[in-house]
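*Asks:* The structure is given below, and queries will be raised subsequently.
Since every read-out is calculated from the coordinates, none of them should be taken as a lab result. All values reported here derive from a predicted model rather than from experimental measurement. In this analysis, Cβ positions are derived from the backbone assuming ideal geometry, glycine residues included, and neighbour counts consider all displayed protein chains.
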Amino acid sequence: MPSTDHDARVWQSSELAAAYLDGIRGAIPLAAEQIDIMLRVIAARDASVHAIMDLGCGDGLLGAAVLDAYPSATGLFVDFSQPMLDAAAERLRDHAGRTQLLQLDYGRHDWVSRIAAYGPFGVVVSGYSIHHQTDSRKRELYGEILDLLAPGGVFLNVEHVASATPWVTGIFDDLFIDALHAHHRNSGGEKTRSKVAEEYYFRPDKVSNILAPVDEQCRWLRELGYADVDCHLRLLELAVFGGRKP
Ligand SMILES: C[S@@+](CC[C@H](N)C(=O)[O-])C[C@H]1O[C@@H](n2cnc3c(N)ncnc32)[C@H](O)[C@@H]1O
């Protein structure tokens, strides 16, 4: 299976999927606020929401929030990790009649032809996934997503983005380790902060991160023809940004 992001395939392991879903997702600072702003931007669109897609869905947290808000919408949940799709099936059980799960690698150029029949989409959301692609592929992908959107459709990326300098990266790392440690302790764990920090710095997916500045990614979206492009929320390396199809 040729792909542009071989390293990101670590996500296809059950161990990493479980470690992320159990130990990391719940620790992400401002996760609830990210979802809130995502839903506010979606609510501000002019047209109604019929079909939505969650790209790199993991267990489908973001797409499920959209489906909760739009009871008549259908959802396509895309990921190349079977353990993640299994977790999504579990989370989306209550929405089973209006969801479809699709295993594919959006790093491959042929992914669009497998998706097109499910669209056009009123909403495309993606969370912490696209940063595994090279910058040129990210830009291409944003163009492919624009093509898949219905007029007025919204794309929102809840994403890990680059700090301006390594000094700022250090501030983000400390914040994130504190959040991971607090989440671990609240879940009954007994690891020290330095153990959590060691695991954070040597996590298996880190090598596949290709972080890009959010300003640059917003510029790509504008150049591609998205309207109303903005970064709606940002905490250091965590950003919610996107735009809509005119
Ligand atoms: C950090 S998890 C985020 C999951 C979820 N979106 C969230 O917000 O919690 C990244 C997800 O992107 C998926 N992913 C990464 N690269 C992918 C690709 N090229 N094609 C499809 N899925 C991909 C991984 O399998 C994983 O489920």
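*Asks:* By how many degrees, between 0 and 90 and to the nearest 10, does the Cα long axis of helix 82-91 differ from the longest principal axis of the chain?
*Replies:* Helix 82-91 sits at roughly 80 degrees to that axis.
*Asks:* Now for a different question. Along the Cα→Cβ direction, 7 angstrom out, place labels at ALA32 and ASP147. What is the inter-label distance in nm?
*Replies:* 4.1
*Asks:* Roughly how many nanometres apart are two label points built 7 Å out from the Cα toward the Cβ at SER163 and ALA116?
*Replies:* Distance between the two pseudo-spin positions: 4.4 nm.
*Asks:* Something else about it: Among 160-166, 136-142, how do they line up from the highest to the lowest mean number of other beta-carbon atoms within 10 Å?
*Replies:* 136-142, 160-166
*Asks:* Additional query: Express in whole angstrom the spacing between the alpha-carbon centres of the stretch 107-135 and the stretch 10-38.
*Replies:* Between the Cα centre of the stretch 107-135 and that of the stretch 10-38, the gap is 19 Å.
*Asks:* Shape call for the stretch 142-246 from the C-alpha gyration tensor, a ≥ b ≥ c root eigenvalues: rounded (a/c under 1.5), prolate (a/b greater than b/c) or oblate?
*Replies:* prolate
*Asks:* To continue, here is another question. Take the Cα atoms of the chain, build their convex hull, and give its volume per residue in Å³.
*Replies:* Residue-normalised Cα hull volume stands at 116 Å³.
*Asks:* Angle between the Cα long axis of helix 166-186 and the longest principal axis of the chain, 0 to 90 degrees, nearest 10?
*Replies:* 80
*Asks:* Looking at the chain, what % of its DSSP beta bridges pair antiparallel, to the nearest 5?
*Replies:* Counting DSSP beta bridges with both partners in the chain, the antiparallel share is about 40 percent.
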